[in-house]
Each structure stands twice: as C-alpha cells, then as structure tokens.
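Novice: One structure coming up, written as structure tokens, with questions to follow.
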Amino acid sequence: MTETRFSSLRLVQFRSYGKAALELDGRPIVLTGQNGSGKTSILEAVSMFSPGRGMRRAVSDEMACRRNKVGWKVSAELVAGGRGWEVATWFPGSAGRRVEIEGKAARQVDLGRLLRVVWAVPAMDRLWSESGDGRRRFLDRLAMGFFPAHSEDVIAYEKAMRERNRLIRERRRVGAWMDGLEQQMAERGTAIARSRRRTIERLKAAGKESDSGFPSARLTVISPDGGNGNTEDPKELAEALKLGRHRDFAAGRTLVGPHRSDLLAVHETSGMEARNCSTGEQKALLLSIILANARAISEDCGGPPVMLLDEIAAHLDAGRRDRFFSEILRLKVQAWLTGTQSEYFNSLGLDTQWFEVSETNGLSTVVETKAPSRPLPQG
Ligand SMILES: Nc1ncnc2c1ncn2[C@@H]1O[C@H](COP(=O)(O)OP(=O)(O)OP(=O)(O)O)[C@@H](O)[C@H]1O
Ligand SMILES: [Mg+2]
C-alpha cells in the first residue's frame with residue numbers, strides 16, 4: 001500500500017486566515033485551540049481537495065476572508081501513488097472554483113482520482129436523529145469513494161427528476177417527454193441503488209476485519225413504505241414511475257425512486273436502531289462506519305484516505321477514544337484531528353504532529369508546537 005498524505009498546505013484569504021502555511025511530516029496531525037480560533041477552517045481547506053463543496057458544504061463565496069472578499073486559494077504538496085504532486089484550488093471571486101494539478105487546469109473529479117478525503121464533523125452527530133436527507137448524502141459520499149461514476153449518476157438522476165417534477169407542477173401531461181425522463185431516471189436510479197448496496201456490502205466486510213472494539217452498525221438501505229424505489233431493475237423502476245404518475249400529479253412531486261431511500265443503522269450488539277441509541281453510542285456507530293470506510297479505501301483504492309476528524313473526541317469516553325486513536329495509527333492514515341482540549345490527544349503522544357491555532361482581531365494563525373512526550377499507546 002502506498003502512502004497518501006499532504007506534505008504541505010497553504011491557505012490564502014481563506015475564512016479567518018490571511019495567510020497560513022503548514023509543513024507536514026507524515027504523522028497524523030492534532031490541531032488545538034479555543035472556540036472560533038480557526039481549527040475547522042484548516043480541515044475545511046483540506047476538504048476542498050475532494051470533489052464537491054467540502055465538509056461544510058459552503059458556497060465558494062462564503063469561504064473568502066471577509067476582510068478582503070477577493071476570493072481565496074488553497075495549495076498543497078501531496079504524496080500519492082508513489083510520487084509527489086502540486087495541487088491547488090481557488091476561487092477568484094467570481095465564476096466557479098478552479099483546480100490545478102501540477103500547474104495544469106484540472107477538474108474536481110481529477111482530484112478524486114488522486115486522493116480520497118473522508119470526514120467526520122460535529123454536524124454528523126445528528127445524522128441518526130434527523131431526516132433521511134443527511135443519511136442519504138452520507139451514504140452517497142461513501143459510495144462515491146468506491147464508485148466514481150456514482151456522483152454522475154446522482155447528478156443526472158436529480159436533473160431528470162427536477163424536470164419531471166416541473167412537468168408535474170405545471171400540470172403538463174406530455175406523455176413522450178415524461179417517458180423519456182422516466183427512462184433516464186430508471187437507468188440512473190438503478191445504478192445508484194446498485195452502488196449504494198455494494199458500498200454497504202464492502203463496508204460490512206471491512207468492518208469485520210477491524211479489531212478496534214468499536215460497535216459495528218448493521219446497515220440497510222430502505223424504501224419508504226417498503227416500496228420498490230431501491231430496485232436494481234431499470235424496467236421495474238420505469239414501470240413504477242409510470243404507474244405513479246397519477247399519484248405524483250396529486251402530490252406535486254415524484255414519490256418513488258432512490259431519492260427517497262433511507263439508510264437504516266442498527267447497533268450490532270444491542271440490536272437497537274441508531275436513532276434510539278445514546279449520544280455516545282451514536283457517535284461510536286458513525287466512527288465505526290468511518291473506520292470501516294477508511295480500511296476499505298486503503299485496500300481497494302491503492303492507498304489510504306486522508307481523514308478529517310473534527311472534534312471527534314467529544315462524546316467519547318477515554319476508553320473508546322484511545323481505541324479509536326489506536327485504530328487510526330494502525331490504518332496509517334494521515335488523520336487531521338481537532339479539539340479545544342489538548343488532553344484528549346495526550347495518548348497519541350509523539351506519534352502525531354501538533355499545531356496550536358489562535359485568533360487575534362478576527363485573524364487566525366497556526367504554529368507547530370511540541371507534542372507531549374507521553375508513553376506510546378499500546379497496540
Ligand atoms: N469568510 C470568513 N471570513 C473571516 N472569518 C470567517 C469566515 N467564515 C468564518 N469565519 C470565522 O472564522 C473563525 C474560525 O472558525 P472555525 O470554525 O475554523 O473555528 P474553530 O477553531 O473550529 O472553532 P470551534 O472550536 O468553535 O469549532 C470563526 O470566528 C468564524 O466566525
Ligand atoms: Mg470547529
């Protein structure tokens with residue numbers, strides 16, 4: 001397995017940073033600092049090297065430092081596939097976000113081929129208790145890591161569905177047009193269902209290999225009312241859409257298809273559905289999925305992912321936290337960990353590179369500090 005990691009990171013006019021630079025030696029990274037100091041912003045900057053809007057799902061404009069509002073840039077040196085790469089992504093202040101790999105214009109999907117970035121952020125603490133949208137997005141991001149075509153399928157499916165919904169809202173009963181859209185939805189929608197199912201199977205296999213002691217989640221994709229929205233047979237989905245037209249005209253939107261699927265998680269040992277689990281158990285379930293995902297990516301994609309773990313120590317007791325950290329070290333991933341309290345990370349000791357983040361007058365700075373020289377964790 002080759003390594004995948006950042007060896008440097010530079011931020012310009014990004015969020016609360018005017019300019020910042022981090023030189024990274026390959027060990028996992030611990031960022032500590034007070035609330036609002038700029039820890040998450042650094043992780044977000046790293047997440048811009050993954051297709052999509054990054055881990056806060058922000059629009060490009062929001063990330064420009066408010067002092068100047070002239071856009072932003074994040075550049076980095078990356079080690080992947082056995083060699084070094086210069087990568088950069090920036091927002092010039094208008095038009096879209098740009099990407100450059102080795103000084104040449106590239107697309108966001110090209111970044112996805114170079115490296116995979118997975119993250120766990122505090123907003124995901126509500127993943128199991130909120131509506132299905134967040135869980136579906138979570139599952140789709142996992143699927144995109146294994147099946148790059150999944151994102152194109154999702155985009156094409158949603159585009160066709162928006163068009164179908166528009167016809168429905170405008171009460172236009174144009175048969176041939178509707179047939180065509182439903183055919184596109186059937187083809188893309190069944191591809192989506194297939195890659196979601198395969199992703200779950202892959203995670204299950206990877207979860208079994210783990211000896212982290214983390215509770216695993218039994219995952220299933222479900223359809224509302226037990227409908228056939230998750231079918232992998234394009235004919236069946238096309239028929240279901242056609243049959244549903246009358247009902248969809250009454251509802252004003254499409255009621256069958258993988259856009260309504262949900263991810264059900266059950267705590268393997270207690271048999272409890274995730275939404276009824278305790279806060280700490282919910283966090284542990286999420287982290288067990290993230291760890292299984294990292295393990296599967298390492299095995300399938302030629303190198304480990306980069307992991308962004310924003311405030312993951314909160315809600316975990318000391319035992320769970322240390323088991324989680326041991327697993328991170330075993331997986332040999334470049335993990336980026338944040339927290340307000342450095343004590344959480346003491347057991348990681350010299351195995352990690354430490355940075356202190358601070359803020360003065362709305363501007364953030366980041367400096368490398370000495371990691372505590374505690375005994376190395378067992379295992
Ligand atoms: N576009 C922007 N320009 C300037 N500052 C911004 C911008 N967007 C957010 N900020 C500010 O940047 C600061 C750092 O935010 P960040 O989320 O990185 O902090 P944090 O260290 O993760 O804090 P916490 O511990 O509370 O999670 C915050 O004060 C926030 O209000
Ligand atoms: Mg934060």
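The values are calculated or read from the model by the stated rules, or taken from the named source; none is laboratory data. Note that the coordinates shown come from a computational prediction; the quantities given were computed from them, not determined experimentally. Cβ coordinates were reconstructed from backbone atoms using ideal geometry, including for glycine residues, and neighbour counts include every protein chain displayed. Note: areas computed on protein heavy atoms with side chains; ligands, DNA, RNA excluded. Shrake-Rupley method; radii C 1.70, N 1.55, O 1.52, S 1.80 Å.
Novice: If you wrap a convex hull around the Cα atoms of segment 33-121, how much volume per residue is inside, in Å³?
Specialist: So the per-residue Cα hull volume is 110 Å³.
Novice: Residue separation times 0.36 nm, minus the C-alpha to C-alpha distance between residue 21 and residue 176: what's the value? Numbers along the way, then the final one.
Specialist: Working: separation 155, 0.36 × 155 = 55.80 nm, distance 5.67 nm.
Between residue 21 and residue 176, full extension yields an extra 50.1 nm.
Novice: Which entries of 159/235; 73/104; 19/73 have Cα-Cα distances beyond 18 Å here?
Specialist: Flagged as over cut-off: 159/235.
Novice: A further question follows. Hey, how many Å between the Cα centroid of segment 177-254 and the Cα centroid of segment 59-108?
Specialist: If we compute the Cα centre of each part, the gap is 34 Å.
Novice: Over segment 213-352, what lengths in whole Å, largest first, do the semi-axes of the equivalent ellipsoid take, defined as the square roots of 5 times the eigenvalues of the alpha-carbon gyration tensor?
Specialist: Semi-axes (√(5λ), whole Å): 39, 17, 13.
Novice: Hey, another quick one. Where the accessible area of the chain is counted over protein heavy atoms with a 1.4 Å probe, how much of it, in %, is carbon and sulfur?
Specialist: Reported share for carbon and sulfur atoms: 49 percent.
Novice: OK, next. So what are the chain's ellipsoid semi-axes, whole angstrom, largest first, if each one is the square root of 5 times an eigenvalue of the alpha-carbon gyration tensor?
Specialist: Over the Cα atoms of the chain, the semi-axes work out to 38, 26, 18 Å.
Novice: Tell me, in nm to one decimal, what length is gained between residue 131 and residue 343 on full extension, where the rule is 0.36 nm per residue of separation less the Cα-Cα distance?
Specialist: Numbers: separation 212, 0.36 × 212 = 76.32 nm, distance 3.44 nm.
Between residue 131 and residue 343, full extension yields 72.9 nm more.
Novice: Run the simple label-point estimate for residue 314 and residue 107 please: 7 Å along Cα→C-beta, distance reported in nm.
Specialist: 3.8
Novice: For the chain, what is the mean residue ellipticity at 222 nm derived from helices alone (per DSSP H run of n ≥ 4: -39500 (n - 2.57); sum divided by total residues; nearest 500 deg cm²/dmol)?
Specialist: My calculation for the chain gives -12000 deg cm²/dmol from helical runs alone.
Novice: Under 14 Å from the 7 Å Cα→Cβ point of residue 3, by amide nitrogen: which residues of segment 24-62?
Specialist: 24-29
Novice: Whole angstrom only: what separates the Cα centroid of segment 139-169 from the Cα centroid of segment 306-351?
Specialist: That distance is 34 Å.
Novice: On average, how much accessible surface per residue is there in the chain, in Å², for a 1.4 Å probe, leaving out ligands, DNA and RNA? Could you put the intermediate results ahead of the total?
Specialist: On the way: 17490 Å² over 379 residues.
Spelled out: the 1.4 Å probe surface of the chain, per residue, equals 46 Å².
Novice: Note the full-extension length gain between residue 163 and residue 330 as 0.36 nm times their separation in residues minus their Cα-Cα distance, in nm to one decimal.
Specialist: My answer for the length gained is 55.4 nm.
Novice: Consider just the alpha-carbon atoms of segment 115-270 and return their Rg together with their Dmax, both in angstrom.
Specialist: Expressed in Å, the Cα Rg and Dmax of segment 115-270 come to 17.0, 57.
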